[in-house]
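To keep things clear, I will list the structure first and then write my remarks on it.
The values are calculated or read from the model by the stated rules, or taken from the named source; none is laboratory data. The structure displayed is predicted, hence computed values, not measured ones. So basically every Cβ, Gly included, is an ideal-geometry build from the backbone, and we count neighbours across all protein chains shown.
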Amino acid sequence: MKRLVIQVDESAYNVVLGMLQLCQHVEVLRDGEAMIDDSDRDVCMAQAIQTLRNDNVFVMPSDYTWILVAIDQFVIEDFEGFPSPQAFISYLRELGFDDLPHRSTLSRHYYKVEGVFPNYLFSDTDNVCEVMRRNNVVNRFLAAYNKAKRALCDSKCNK
């Protein structure tokens, strides 16, 4: 059995739910609002950052910048962006992290990102390996964040 999580506009909700109920091998386990709230989102963020730290994904202090840019580009749907690099750093501190890069590091590198994820380019390097490494910081973050989110959603579904 596979699980499928979908997000449906309120205007289409009843139609989609009706279609799912017509399918023989489909069981709706849970319906309603989003499955995670802000505190859950924070738990997922903390787990994802810790996973990247444990796996030594952060090679340079500026690597946090690539995650900030992805959040600001709405790559991670649970976040609406941060008004400044300092707000992002403060948020990570609230989650219990220390040894974070300085605001100026994130600010300086933020505007070196060109394009849209997953194909970021960087004005400060054209080294293919470095470009790939930086893009992979975001890929690894997304994988870790989504894994934490799935685990949280599964635990809520099984209650």
Exercise. For region 72-104, what are the residues that are within 16 Å of the chain's Cα centre (by Cα) and not in a loop (DSSP other than H, G, I, E, B)?
Worked result: Asp72, Phe88, Ile89, Tyr91, Leu92
Seminar exercise, completed: Residue set Asn139, Asn119; condition under 30 Å from Leu4 (Cβ atoms), surrounded by fewer than 18 Cβ atoms within 10 Å (Cβ to Cβ) and in contact with a Pro (Cβ under 9 Å, 6 or more places away or on another chain); output residue Asn139
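Results for (1) farther than 23 Å from Asp37 by Cα; (2) polar (S, T, N, Q), shown as yes or no for each residue.
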{"residue": "Gln50", "(1), (2)": "no, yes"}
{"residue": "Phe58", "(1), (2)": "yes, no"}
{"residue": "Phe79", "(1), (2)": "no, no"}
{"residue": "Ala87", "(1), (2)": "no, no"}
{"residue": "Leu92", "(1), (2)": "no, no"}
{"residue": "Gly115", "(1), (2)": "yes, no"}
{"residue": "Asp124", "(1), (2)": "yes, no"}
{"residue": "Val131", "(1), (2)": "yes, no"}
{"residue": "Ala143", "(1), (2)": "no, no"}
For this session: Residues being touching a strand residue (DSSP E or B) at 6+ places or on another chain (Cβ under 9 Å) and either more than 13 Å from Thr65 (Cβ to Cβ) or not basic (Lys, Arg) (or both): count how many of those fall in region 120-134.
Result: 6
Exercise. What is the residue count in region 44-70 for residues that are of a type in the set (Asp, Glu) and surrounded by fewer than 17 Cβ atoms within 10 Å (Cβ to Cβ)?
Worked result: 1
Exercise. With (1) within 14 Å of the chain's Cα centre (by Cα); (2) more than 21 Å from Cys153 (Cβ to Cβ); (3) at pLDDT 95 or above; (4) not acidic (Asp, Glu) as the list, and Asn54 as the residue in question, which single condition is left unmet?
Worked result: (1)
